[in-house]
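Structure first, commentary second.
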């Protein structure tokens, strides 16, 4: 089994299981996420499915989502 690391080519993580939970109907340019067997989450750009994937722990993803829900990232849209 290939070791999973941050920046791994997303193609090495397989083609199954990628989802577009943040798709905004913007012509196919979306962020895709995949839950990995160890519970971590890989994120890739849908227009570059073999490009690098960022890999986050469950704790990192949970912290990020709580912050977004609380409005802590709203400044990114201002």
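Values in this text are rule-based calculations from the coordinates and carry no lab data. Everything numeric here is computed off the predicted structure, so don't read it as measured data. Here Cβ is always computed from backbone atoms with ideal geometry, including for glycine, and neighbour counts include all displayed protein chains.
Model label sites at residue 46 and residue 20, defined 7 Å from Cα along the beta-carbon direction, differ in position by 0.2 nm. Under the simplified labelling scheme, the residue 6-residue 62 pair shows an inter-label distance of 1.9 nm, with each label point 7 Å from Cα along Cα→Cβ. Remark: region 33-78 is approximated by an ellipsoid whose semi-axes, taken from the C-alpha gyration tensor as √(5λ), come to 22, 16, 6 Å, largest first.
Mean residue ellipticity at 222 nm, helices only, the chain: -5000 deg cm²/dmol; runs of at least 4 DSSP H residues each add -39,500 (n - 2.57), and the sum is divided by the number of residues. Among 38, 48, 19, the largest mean-square fluctuation in a Gaussian network model of the chain (Cα springs under 10 Å) belongs to 38. Projecting label points 7 angstrom from Cα along Cα→Cβ for residue 38 and residue 70 puts them 2.7 nm apart. With contacts taken as Cα pairs under 8 Å at a separation of at least 6 residues, the chain carries a relative contact order of 26 percent. Put simply, when 52-61, 68-77, 7-16 are sorted by average Cβ atoms within 10 angstrom per residue, most first, you get 52-61, 7-16, 68-77.
If you take the Cα atoms of the chain, find Rg, then find the Kirkwood Rh from the mean of 1/r over all pairs, what is Rg/Rh? Present the calculation step by step, with values, prior to reporting the outcome.
Numbers: Rg = 13.3 Å, Rh = 13.4 Å.
Result: Rg/Rh = 0.99.
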